[in-house]
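What follows draws every value from the coordinates through simple rules; no lab data is involved. For clarity, every value in this text was computed on a predicted model and none was experimentally measured. All Cβ positions, glycine included, derive from the backbone under ideal geometry; neighbour counts span all protein chains shown.
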Amino acid sequence: MIVSGMVKSSLIDFPGLISCVLFVPGCNYDCFYCHNRSLVDGPYEVLNPDYVTEFLKKRVGMLDGVVISGGEPTLQPDLLQFAQMIRSLGYKLKLDTNGSRPEVVKKLIEERLIDYYAVDYKAPGLDYPEVCGAGAQAEKVLETVKLLLDSNASFEVRTTVYPQLGEGELITMARELPVVPRYVLNRYRKPDKYKDCDTFRIDETPYSQAQIEALAKAMKKYQPNVRT
Ligand code: SF4
């Protein structure tokens, strides 16, 4: 497992738990608003695997959980073994994923390795290639969400409300998804690093928190568990 970054202690990344967040490089998407562009395009650091393992061993009893984030963790060929190692230390485990690889999530569900999943739903289905890059398919994400729902796994769906997502788009997304147990709308922040060709959409004025709350209210009819 390649780990290229770590937040040693976080109170906000794993609901209700004190967690360590591990960032893995590589992504099969190319979202224009990505905040981890160096993990997608490089160059990125590679942490010594022994350092990561020793850190986790030393923090047993001080941390409750570990979040595997990215990049896109489901691209890592040894994700299951890595998750097993973390579980064997007694940690709760959360996976952040773009939902593009339902076949990997299915294995993780079958092995009961993940305690909590966060799946991004990034755009109305038809807009996925425009927002996330050529080849990105909303159908795969919807398949992942359905797998999680059918297996009674604990999970949330998240959407970053970038400026181009209006009420109409958000309602379309709310309707495309099955009703999920928790749907979180996150505020958009301008990324530090982005492609020049995306400047026009990166620089649009972000929604205020009050505007996002109003958008969430409009989505409630289709996603009663939406929150900001
Ligand atoms: S899925 Fe996440 S890591 Fe990958 S490009 Fe999109 S925002 Fe960045």
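Of the residues Y117, Y51, the single one that is free of Cβ contacts under 8 Å to residues at least 40 places away in the same chain, away from the ligand (no atom under 11 Å from the Cβ) and in contact with a Leu (Cβ under 6 Å, 6 or more places away or on another chain) is Y117.
Within segment 54-69, being in contact (Cβ under 8 Å) with a residue 24 or more places away in the chain and either loosely packed, with under 13 Cβ neighbours inside 10 Å or basic (K, R) (or both) holds for K57, R59, V60, M62. Please go through segment 84-122 and give me each residue that is surrounded by fewer than 15 Cβ atoms within 10 Å (Cβ to Cβ) and of a type in the set (D, E), ordered by number. The answer is E103, E110, E111.
Against the test of being in contact with a strand residue (DSSP E or B) (Cβ under 9 Å, 6 or more places away or on another chain) and surrounded by fewer than 18 Cβ atoms within 10 Å (Cβ to Cβ), the options R175, R201, R158 yield a single qualifying residue, R158.
Could you run through segment 126-137 and say how many residues are away from the ligand (no atom under 13 Å from the Cβ) and surrounded by 15 or more Cβ atoms within 10 Å (Cβ to Cβ)? Total satisfying the criteria: 1.
Residues that are away from the ligand (no atom under 15 Å from the Cβ) and within 25 Å of E204 (Cα to Cα) are absent from segment 141-158 altogether. Within segment 1-47, how many residues turn out to be in a helix (DSSP H, G or I) and among the charged types (D, E, K, R)? The total comes to 2.
When segment 207-227 is filtered for residues that are within 21 Å of the chain's Cα centre (by Cα) and surrounded by 16 or more Cβ atoms within 10 Å (Cβ to Cβ), the ones remaining, listed by number, are Y207, I212, L215, A216, M219, Q223, V226. Is there a residue in segment 27-38 that is away from the ligand (no atom under 13 Å from the Cβ), crowded, with 20+ Cβ neighbours inside 10 Å and in contact (Cβ under 8 Å) with a residue 24 or more places away in the chain? No, segment 27-38 has no match at all.
Filtering segment 159-172 down to residues that are away from the ligand (no atom under 16 Å from the Cβ) and in contact (Cβ under 8 Å) with a residue 40 or more places away in the chain, which residue is farthest from K146 (Cα to Cα)?
Result: E167.
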